[in-house]
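A short worksheet on the structure shown next.
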Amino acid sequence: MFKKESKTGAVTNKKSGLSDTNALLVITLVIFVLMYTGAITILGGQFTKWQTFFNILNGNAYLIILACGMSIVMICGGIDISLGGLTGLVTVACAVYLDEKGGSILVSVGIAICIGLAFGIVQGFLVAYLDIQPFIVSLAGMFFARGLAHIIRSAPFNVASETFNSLKETRIYISFLGSVNKKGVFVPAYIEIGVIIAICVAALMFMMMKWTRLGRNFYAVGGNRHSALMLGINVKRTKFLSHIICSLLGGLGAYVYFLHIGSGSGSNASGAEMDAIASSIIGGVMLTGGVGNIMGTFFGVLSLATIKSIVSAAGFNDPWWTNITVAIMLCFFLVIQSVVMARKKKAAKK
C-alpha cells in the first residue's frame, strides 16, 4: 500500500485517495444529512418547511464566521476563547456609536473590524512572539472584552437608529421556496443579509486554506512546527497571522450578530466561543492542529444548530438537555478523530 504526503501535511492513502481532512469532512456531511433527514421523517412539523432550515442559517450566520476564524487558529495549533467576549464588546460599542453619536452604518462596521484587529494584533503578538499559551492569552482577552463592554454600558439596550433597523429587517426572499400558511397563501422563504456575508466568508476562507501558500503554512505549522521551520516557513509570523484573521472574522461575525439581534450588551453571545470550538471539532478540526476543513466547519455549525433544534422539537425544552446532547455529540466526534489519528499512525508505520 502506497502513501503520499498531501499539501496540508496529512497522510493520504494512495489507494483510497482520501486524506484525514477529507475523511472527517465526509463524516460530518453524512451525519448532518442523516440528522436532518431523520428530523424530517420522525418529527416532521416545522422541519418539513424550508424556512426552518433558513432560520437555522439566520440564527447562526454569525457563528459560521466565528467558527471559520476559530478553525484557522486551531488548524495552526492554537485556540482563541475571546471571541464571545469580543462579540459582546462589538455590539455595545456599535450600539452606543449609532444611538448616542448618530453615526453611520459604514463607520460602525469599521469600528467592529478595528476592535477585532486590535484584539488580533495584541493576542497574536503575545502568542507568536512571546510564546505565551494561547488559552491564557485569549482567556485574558475574554475577561477584558466583557469587562470593557460593561464599563461602556452596563444595561442592555436596543438600537433606535432607523437606518440600522431598516438594514436589520432587510430580507432576501427566495420566491421558488416556501410553504403554504393556514390561510392557503404561499409564503416564500427568506434569509437575512448576515447569511450572505457568512457564506461569502466561508467560501473565501475555504479557498484561502486550500489554494494559497498561507493556508498551506497554517496546516504545516499546526501539523509539525519543527518540520515547518525546516521547510523555511516563518512559524511566528504564521501564528501571528492566524490570530489576526481569527479576530478580524470575530469582529465581522460580531457585527452580523449585532445585525441579527439589534441590541448592545456585554452579555451578548455568552458561550459563543465554546459553540465555535464545538462546531470546529464537529466539522473535523483536530485540537492537535494540522487537520481540518472550513467546509466541514460550516456543516459543523449547521449540525450543532440542528441537534439543538431537534432536542427542542422533541419536547426537551430544558436547556440542560441541549447541553447534554451537545456533550454526547462532541464526545462522538472526538472518538472519530481518535480513530482517524490511530489509522494515520498505523499507516505511517507501514
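The values are calculated or read from the model by the stated rules, or taken from the named source; none is laboratory data. Being a predicted model, the structure only gives us computed values, none of them experimental. Positions of Cβ are backbone-derived with ideal geometry, glycine not excepted, and every protein chain shown enters the neighbour counts. Heavy atoms of the whole protein, side chains included, go into the accessibility calculation; ligands, DNA and RNA do not. Shrake-Rupley method; radii C 1.70, N 1.55, O 1.52, S 1.80 Å.
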Quick check on THR322: is it closer than 14 Å to LEU63 by Cα, surrounded by 14 or more Cβ atoms within 10 Å (Cβ to Cβ) and hydroxyl-bearing (Ser, Thr, Tyr)? no
Looking at (1) assigned to a loop (DSSP other than H, G, I, E, B); (2) open to solvent by less than 10 Å² (accessible area, probe 1.4 Å); (3) not charged (D, E, K, R), which one does SER270 not meet, given that it meets all the others? (2)
Per the filter on the stretch 97-131, residues under 19 Å from ILE72 (Cβ atoms), open to solvent by 20 Å² or more (accessible area, probe 1.4 Å) and among the β-branched types (Val, Ile, Thr) are ILE113, ILE115, ILE121, VAL122
Where in the stretch 136-246 are the helices (runs of 4 or more DSSP H), entirely inside, with at least 1 residues that are more than 29 Å from ILE56 (Cα to Cα), hydrophobic (A, V, I, L, M, F, W, C) and within 21 Å of the chain's Cα centre (by Cα)? 193-211, 213-223
Please state which of the following conditions MET295 fails to meet, knowing it meets all the rest: (1) more than 23 Å from PHE119 (Cα to Cα); (2) touching a Gly at 6+ places or on another chain (Cβ under 7 Å). (2)
Near pairs, Cβ below 8 angstrom, 6+ apart or cross-chain, from the stretch 78-91 (in a loop (DSSP other than H, G, I, E, B)) to any residue that is of a type in the set (Val, Ile, Thr) and at pLDDT 95 or above: GLY78/VAL127; ILE79/VAL73; ILE79/ILE277; ASP80/VAL73; ILE81/ILE277
